[in-house]
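Before any comments, here is the structure.
The values are calculated or read from the model by the stated rules, or taken from the named source; none is laboratory data. In this text, all values refer to a predicted model and were calculated from it rather than measured experimentally. Neighbour counts are summed over all protein chains in view; Cβ atoms, including those assigned to glycine, are modelled from backbone coordinates with ideal geometry. Calculation scope for accessible area: heavy atoms of the full protein, side chains included, ligands and nucleic acids excluded. Shrake-Rupley method; radii C 1.70, N 1.55, O 1.52, S 1.80 Å.
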Amino acid sequence: MEKITIGILCVCLAGAGSTHIFDNIYFGLFPYQFAPKWINVYWSLLGLLDFFSVFLLLKYRNLGLLFVLIIMVSNVGINSFSLYSLKVISSSIPLQAQTFFLGVVIGVTPWLWKSKNQGSFKHVI
């Protein structure tokens, strides 16, 4: 069941990464001109970051889980700021999906975490 869960996480991340890579190829480097430059750079880099997180999940599970958590927390935070404060995003549906995925990642991380001591997340902290 762990491998299936990691596979699902990887498929979701690869799908999201593919979207950003497509945008960079089709619309050019840093295609999100409607957003501030730092957000444009972040969104453009997500294509590479998402695929790198897939690699980490498959090769170094714990590091991959931490990396995915960092990506998703920053992504939901930046996209919330972009939607609610800057109003440069017109739909909340992608943000809702990202928030759901963040919740899934938070939920499965303790279960998927591999400790060298007891196989339990609580012994690492």
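Note down all Cβ pairs under 8 Å where the first residue falls in the range 17-34 and is among the hydrophobic types (A, V, I, L, M, F, W, C), the second is exposed (fewer than 13 other Cβ atoms within 10 Å of the Cβ) and assigned to a helix (DSSP H, G or I), and they're at least six residues apart or on different chains.
Going by the 8 Å Cβ cut-off, the qualifying pairs are Phe30/Lys37.
Quick check on Trp38: is it assigned to a helix (DSSP H, G or I), open to solvent by 80 Å² or more (accessible area, probe 1.4 Å), farther than 17 Å from Thr109 by Cβ and modelled with pLDDT of 95 or more?
On the way: assigned to a helix (DSSP H, G or I): yes; open to solvent by 80 Å² or more (accessible area, probe 1.4 Å): yes; farther than 17 Å from Thr109 by Cβ: yes; modelled with pLDDT of 95 or more: yes.
Yes, satisfied.
Please work out which one of (1) more than 15 Å from Val105 (Cβ to Cβ); (2) part of a helix (DSSP H, G or I) is the condition Ser90 fails and give its number.
(2)
Does the range 70-90 contain at least one residue that is touching a Cys at 6+ places or on another chain (Cβ under 9 Å), surrounded by fewer than 16 Cβ atoms within 10 Å (Cβ to Cβ) and modelled with pLDDT of 95 or more? Steps first, please.
Just the residues of the range 70-90 that are touching a Cys at 6+ places or on another chain (Cβ under 9 Å), to begin with: none.
Within the range 70-90, not a single residue is touching a Cys at 6+ places or on another chain (Cβ under 9 Å), surrounded by fewer than 16 Cβ atoms within 10 Å (Cβ to Cβ) and modelled with pLDDT of 95 or more.
How many residues, within the range 11-35, are surrounded by fewer than 11 Cβ atoms within 10 Å (Cβ to Cβ) and under 20 Å from Met72 (Cα atoms)?
The total comes to 1.
Which one is least open to solvent (accessible area, probe 1.4 Å) among residues in the range 43-62 that are farther than 13 Å from Leu9 by Cβ and more than 12 Å from the chain's Cα centre (by Cα)?
Of everything passing the filter in the range 43-62, Ser44 is least open to solvent (accessible area, probe 1.4 Å).
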